[in-house]
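Before any comments, here is the structure.
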């Protein structure tokens, strides 16, 4: 039996009738990548090993991607991350005092993680900070 290819491209539309056609290789900017089931299972296992934060990360990345499109660089990402972190701190105190819901706290945590994700992938051009993910990958601890 032939093994599945590592990458399969398909059209970005509700009905994927063009999976693997010549047009998906000719116009890659109009396609999305399918993920093989074994790779997806490995990703799911890795996320499960991360514990409760794994439930927040997909929402945070989605929020960051939307923000990157809506508010492109140059942008005050460091300042926005600090503001969101302050909101998390305030909501933690208010939850402890019974004046805030966990749902609102979760939303602020997601926004703080989203801004941190932006710092990782795009940095802060206003303050001259390049994306920090490459440096962190080069210098793991």
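Each value in this text was obtained by applying a stated rule to the coordinates, not by laboratory testing. The structure displayed is predicted, hence computed values, not measured ones. Ideal geometry is used to build each Cβ from the backbone, glycine not excepted, and the neighbour counts take in all protein chains shown.
From least to most packed, judged by other beta carbons within 10 angstrom and beginning with the fewest, 117, 94 follow the order 94, 117.
Provide the packing ranking of 54-62, 131-139, 103-111, i.e. peptides ordered by the mean count of other C-beta atoms within 10 Å per residue, highest first. Mind showing how you got there, number by number?
Numbers: 54-62: 14.6, 131-139: 11.1, 103-111: 16.8.
Taking the mean over residues of other Cβ atoms within 10 Å, the ranking is 103-111, 54-62, 131-139.
Between the alpha-carbon centres of the stretch 59-75 and the stretch 125-141 there is a gap of 17 Å. With N as its number of residues, the stretch 50-132 has a Cα radius of gyration that, divided by 2.2 N^0.38 Å, comes to 1.13. Given a Förster distance of 30 Å, report the FRET efficiency between residue 103 and residue 46 from their Cβ-Cβ distance, rounded to the nearest 0.05. Once the sixth-power term is evaluated, E becomes 0.65.
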